[in-house]
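Presented below is the structure to which this report refers.
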């Protein structure tokens, strides 16, 4: 063996190190996915109310995470905050797109509905299910009209996140969460009431 064949100290052979690093990165991503997917599914589903839309949104968020090895190497709390932020942004973008599409359809032909209050029998009937779905859509629409930071704060809190987790997700001080939450609740109520006005 001549002196040229011996590896230099501190020099890594690319063909030996890359598979090992790739395997570690895949294990880290798999662990993050297993840890955060169920939590993220619940959060994003609250915004979208549709299983397939939720799964598509999460696929996009986790795909972004898979391409960012620097982010994956951060502590779990930071990765979770990043995922919540990205997931919420993508979910609300989908809602805005869907709302614009609905508005175009409504301009083409307005649907008229009865203004009658449903009875208990109506609530279990197919029309009752439709009414409940419309109410959920009205809630989502009112929520989409609330200013972004307030909307995200409200949604995170009602999804069970602590003030500290909300602050980390939104990048604000923990002491600001309560004030932001109170403003969000007022804004949501105002938007929801506006939908009932003729």
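All of the numbers you see were taken from the coordinates with simple rules; none came from a lab. Keep in mind it's a predicted model, so treat the numbers as computed, not measured. Backbone-built Cβ (ideal geometry, glycine too); neighbour counts: all protein chains shown.
Placing pseudo-labels 7 Å out from each Cα toward the beta carbon at residue 76 and residue 93 gives an inter-label distance of 2.8 nm.
Rounded to 0.05, the FRET efficiency of the residue 69 and residue 145 pair, given R0 = 35 Å and the Cβ-Cβ distance, is 0.40. For segment 18-106, averaging the sequence separation of C-alpha pairs within contact (under 8 Å, six or more residues apart) and dividing by the residue count gives a relative contact order of 33 percent.
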